[in-house]
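The block underneath contains the structure these notes are about, expressed in structure tokens.
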Ligand SMILES: [Zn+2]
Ligand SMILES: [Zn+2]
């Protein structure tokens, strides 16, 4: 359906612009971590601004100086998730700065990583502008350590064609039976079933200077996904129940083939908790 997206290539000139952009955004991050800890406050990384500019750099386009229909002139939509968010104290339950060594409230040094950050998709707008909307760029910023003066991050950039079939099935279901906003979670079932392409996977190390380690040679179509994710976020991707329903079996590495899953015709939403839809899903016992 529709035109195919062009293969993404990280040319030398894009790479240079990408590194310049990161240099600017990550240069003072240690100072921000230090300041946020000093005042027992949250971090102040401008995730959405950075991610929108990332799209400009990677696709050689410009944006708009104020709110506009599109995030960029190529009619794309950019969503960013930053996992450097607050962590929960294991002992008292209060939220702490990601880089805290001990809880501000009870001094415990045990924290629980919260992985509820998500990309929000306006399903109304999606279907209203679907004819022109080109792609969604999904960005994840994930901390690889807790070092204040030598922080490290992994940056992953994914692209989903706005006309992608299962992606639209999910959004349609949400639009019909849920609220008009889809909470799209990184590394989730819905994410993998939307056939994302990975454009960039880079480790960024900050210490006096910034160094980049590129973990991906070129654009990678995701063709399989783990039943249980370990890296970067530990979570169950697909339930045992759904696997049984779809007669699917994981391979020796604990992975499922994406085409096989899609051919098994999975439900748009599983487990479906959308009240109004409950009476409709009785065809499976
Ligand atoms: Zn505590
Ligand atoms: Zn549902």
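Computed from the coordinates by the stated procedures, all read-outs in this text should not be read as laboratory data. Keep in mind that what you see is a predicted model, and the values were worked out from it rather than measured.
Once the cut-off is 20 Å, how many percent of the Cα-Cα pairs in the stretch 29-151 end up in the long-distance tail? Could the numbers behind the result be given before it?
Details: 4031 of 7503 pairs.
Here the tail beyond 20 Å accounts for 54 percent of pairs.
Any chance you could tell me what percent of the C-alpha pair distances in the stretch 42-90 go past 17 Å?
Numbers: 485 of 1176 pairs.
Here the tail beyond 17 Å accounts for 41 percent of pairs.
Computed over the Cα atoms of the chain, what is the ratio Rg over Rh, Rh following Kirkwood? Let's see the in-between values first.
On the way: Rg = 20.1 Å, Rh = 20.6 Å.
Rg/Rh for the chain comes to 0.97.
For n ≥ 4 DSSP H runs only, could you compute -39500 (n - 2.57) per run for the chain, divide by its residues and tell me the 222 nm figure to the nearest 500?
Working: 8 runs with 75 residues, N = 285.
Computed mean residue ellipticity for the chain: -7500 deg cm²/dmol.
Please report Rg over Rh for the stretch 117-204, where both radii come from the alpha carbon positions and Rh follows the Kirkwood definition. Write down the numbers at each step before the final one.
Details: Rg = 15.0 Å, Rh = 14.2 Å.
Radius of gyration relative to Kirkwood radius: 1.06.
Along the principal axes of its C-alpha atoms, what lengths does the stretch 176-285 span, in descending order and rounded to whole Å?
Cα extents, longest axis first: 59, 36, 22 Å.
Taking square-rooted eigenvalues a ≥ b ≥ c of the alpha carbon gyration tensor, is the stretch 191-246 rounded, prolate or oblate, where a/c under 1.5 means rounded and, failing that, a/b exceeding b/c means prolate?
oblate
Tell me, what is the percent relative contact order of the stretch 57-202, built from C-alpha pairs under 8 Å that lie six or more residues apart? Walk me through the numbers on the way to the answer.
Values: 251 pairs, mean separation 32.6, N = 146.
About 22 percent, as a whole number.
Can you give me the Cα centroid spacing of the stretch 5-31 and the stretch 218-265 in angstrom?
Cα centres, the stretch 5-31 to the stretch 218-265: 31 Å.
Taking only the alpha-carbon positions of the stretch 14-55 and ignoring solvent, what does the Debye formula give for the base-10 log of I(q)/I(0) at q = 0.24 Å⁻¹?
Results for the stretch 14-55 at q = 0.24 Å⁻¹ read -0.81.
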